[in-house]
Amino acid sequence: MSAATPIIPYDDLNLGKKEQVKKMFNTIAGRYDFMNRLLTMRIDVLWRRKAVNLMKKYPHDTILDIATGTGDFAIEFMKLAPSKITGIDIAEKMLEIGREKVKQKGLSAKIELLEADSENLPFADNSFDIASSAFGVRNFENLNKGLSEMCRVLKPGGRVLILEASEPSKGLFRKPYKVFMTKICPTIGGVFSENKAYDYLNKSVAAFPSGKKFEAELIKAGFTNTQSIPLTLGVTTIYIAKKEEAGK
Ligand SMILES: C[S@@+](CC[C@H](N)C(=O)[O-])C[C@H]1O[C@@H](n2cnc3c(N)ncnc32)[C@H](O)[C@@H]1O
């Protein structure tokens with residue numbers, strides 16, 4: 001497999017990565033939240049909470065959550081009491097579950113979830129204080145386009161906040177982590193959801209840039225002041241970067 005070969009969920013389908021990812025998330029939507037809680041033992045909730053808390057010190061009145069899925073990151077942002085949170089995703093079934101959660105929590109006036117593509121955002125330049133994505137960017141067909149769009153719609157001085165799965169680089173934990181990702185995750189996924197989705201999870205995390213390599217992608221897309229914060233022995237990383245003010 002060449003370095004440029006995209007990691008896709010269904011090797012046997014003649015569809016591009018975006019269509020495959022959309023199909024996969026539409027298929028697993030009903031079990032998505034349950035599987036997240038099961039496979040991470042609810043630590044994914046704490047990762048989102050930590051990431052959102054880090055945004056308190058930055059402007060946060062308007063927030064765009066990209067690849068929002070079932071809306072957990074968008075809902076977590078309510079802690080910052082913004083005026084408006086917009087979530088976008090390509091998978092309508094994920095959004096349906098997200099909208100129901102938003103409605104149940106009485107947040108429909110504050111959180112809007114829309115079907116849209118991260119690589120072609122339907123928003124004007126300089127619109128949001130924060131552009132976020134939790135476990136979304138790894139799934140983009142064109143990473144640079146997705147990150148550049150996040151930069152375009154941010155106000156100058158705004159922040160991008162990305163939470164993404166990563167591999168622990170070294171140490172005793174790496175081996176059990178690899179066994180978990182390559183064997184246990186797809187097996188549990190096969191029992192409760194779709195095996196291919198959790199095989200894709202393992203392969204896509206292994207192939208995705210993390211740490212300084214991902215910071216380089218953020219810089220390429222137009223951001224400055226990049227930082228990465230590894231969580232839980234490096235199995236997830238928070239990235240924060242700034243859209244520079246004009247003239248700086
Ligand atoms: C692993 S889920 C993450 C959902 C949610 N952010 C969370 O924290 O649980 C990845 C999501 O990315 C979405 N996605 C992938 N490519 C996308 C794109 N080009 N534009 C918008 N959403 C996309 C998928 O449909 C899916 O809902």
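The numbers here are math on the coordinates, done by the rules we state, and not lab data. All of these numbers come straight from a predicted model, not from anything done at the bench. As a convention, Cβ positions derive from the backbone with ideal geometry for all residues, glycine included, and neighbour counts pool all protein chains shown.
Distance from the Cα centre of the range 143-183 to that of the range 22-41, in angstrom?
Going from one Cα centre to the other spans 18 Å.
Which whole-percent values make up P(r) of the range 134-248 when all C-alpha to C-alpha distances are grouped in 5 Å steps starting at zero?
2, 11, 19, 21, 17, 12, 9, 5, 2, 1, 0
Past 22 Å, Cα to Cα, is the threshold; run Lys50/Lys242; Lys18/Lys155; Lys56/Lys213 against it and keep the listed order.
Too far apart for the 22 Å limit: Lys18/Lys155; Lys56/Lys213.
Starting from the exponent 0.38 and prefactor 2.2 Å, build the expected Rg for the range 1-114 from its residue count and divide its actual Cα Rg by it.
Numbers: Rg = 15.8 Å, N = 114, 2.2 N^0.38 = 13.3 Å.
Normalised Cα radius of gyration, the range 1-114: 1.18.
Hull surface divided by four, with the convex hull built on the Cα atoms of the range 90-180: how many nm²? Could you put the intermediate results ahead of the total?
Values: hull surface 33.9 nm².
Result: 8.5 nm².
Please report the relative contact order for the chain, taking Cα pairs under 8 Å with a sequence separation of at least 6, and give it as a percent rounded to a whole number.
Worked out over the chain, it gives 19 percent.
Two decimals is fine: what is log10 I(q)/I(0) at q = 0.10, 0.12 Å⁻¹ for the chain, from a Debye sum with one equal scatterer on every Cα and no solvent?
-0.45, -0.66
Just to be sure I understand: of the beta bridges DSSP finds with both ends in the chain, what percent are antiparallel, rounded to 5?
Of those bridges, close to 40 percent are antiparallel.
Quick one: which residues, 5 or more positions from Leu231 or on another chain, have an amide H under 5 Å from its amide H? H modelled 1.01 Å from N in the peptide plane, none for Pro or chain starts.
Thr236, Thr237, Ile238
Charges only on Cβ, +1 for Lys and Arg, -1 for Asp and Glu: so what's the dipole of the range 52-203 about the Cα centre, in debye to the nearest 20?
760
Given Leu172, Asn225, Ile188, which one lies farthest toward the positive end of the charge dipole of the chain, if we put +1 on the Cβ of every Lys and Arg and -1 on the Cβ of every Asp and Glu?
Leu172
I want to check the label-to-label distance for Val191 and Asn144. Put each point 7 Å from Cα in the C-beta direction and report it in nm to one decimal.
Label-label distance for Val191 and Asn144, simple model: 4.4 nm.
Assigning unit charges at the beta carbon (Lys, Arg +1; Asp, Glu -1) and nothing else, what dipole magnitude in debye, to the nearest 20, does the range 1-125 show about its Cα centre?
Using only the charged Cβ atoms, the result is roughly 720 debye.
Tell me the net charge near Glu194. Cut-off is 12 Å between Cβ atoms, Glu194 excluded, with +1 for each Lys or Arg and -1 for each Asp or Glu.
Local net charge: +2.
Add -39500 (n - 2.57) for each DSSP H run of 4 or more in the chain, then divide by its residues: what number comes out at 222 nm, to the nearest 500 deg cm²/dmol?
Computed mean residue ellipticity for the chain: -12000 deg cm²/dmol.
Scale the Cα Rg of the range 19-64 by the rule-of-thumb value 2.2 N^0.38 Å and send over the ratio, two decimals. Don't jump to the answer; show the numbers that get you there.
Working: Rg = 14.5 Å, N = 46, 2.2 N^0.38 = 9.4 Å.
For the range 19-64, the normalised Cα radius of gyration comes out at 1.54.
Take the eigenvalues of the Cα gyration tensor for the range 82-139, scale each by 5, and report the square roots as semi-axes in whole Å, largest first.
19, 16, 10
Please report the projected area of the range 157-204's Cα convex hull averaged over all directions, in nm².
Result: 4.8 nm².
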